[in-house]
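Notes follow the structure.
The values are calculated or read from the model by the stated rules, or taken from the named source; none is laboratory data. Here the structure is a predicted model, which is why all the values come from computation and not from measurement. As a convention, Cβ positions derive from the backbone with ideal geometry for all residues, glycine included, and neighbour counts pool all protein chains shown.
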Amino acid sequence: MRYPHVDERDIRLMEMCREVARICISDEFKRLNRDLAKFYRKSGMKDAFLLAFQDSLFSMYTEMDDDHQLSIEYN
């Protein structure tokens, strides 16, 4: 049986996917996504659910990244 070749790019991509999955199953993400979808829908935005998901994910991911950067700076 052959094993797939895993390079540094694959490892980074898997780490990113793992973090996105953690975010998407969190209660905080679900609340933010629900609230944004409701707001966007009431505002008449096209693709409100998709935009809410994107904005929620971006917000949580950048917040997580900021927290990670701060922990590196203080260590």
Within region 26-46, considering residues that are of a type in the set (A, V, I, L, M, F, W, C) and touching a residue at least 24 places away in the same chain (Cβ under 8 Å), the one nearest to MET16 (Cα to Cα): PHE29
Answer residue from region 47-75, given it is modelled with pLDDT of 95 or more and over 17 Å from ARG22 (Cα atoms) and is surrounded by the most Cβ atoms within 10 Å (Cβ to Cβ) among those: ALA52
If we keep just the residues of region 12-28 that are charged (D, E, K, R) and closer than 17 Å to ALA52 by Cα, which is surrounded by the fewest Cβ atoms within 10 Å (Cβ to Cβ)? ASP27
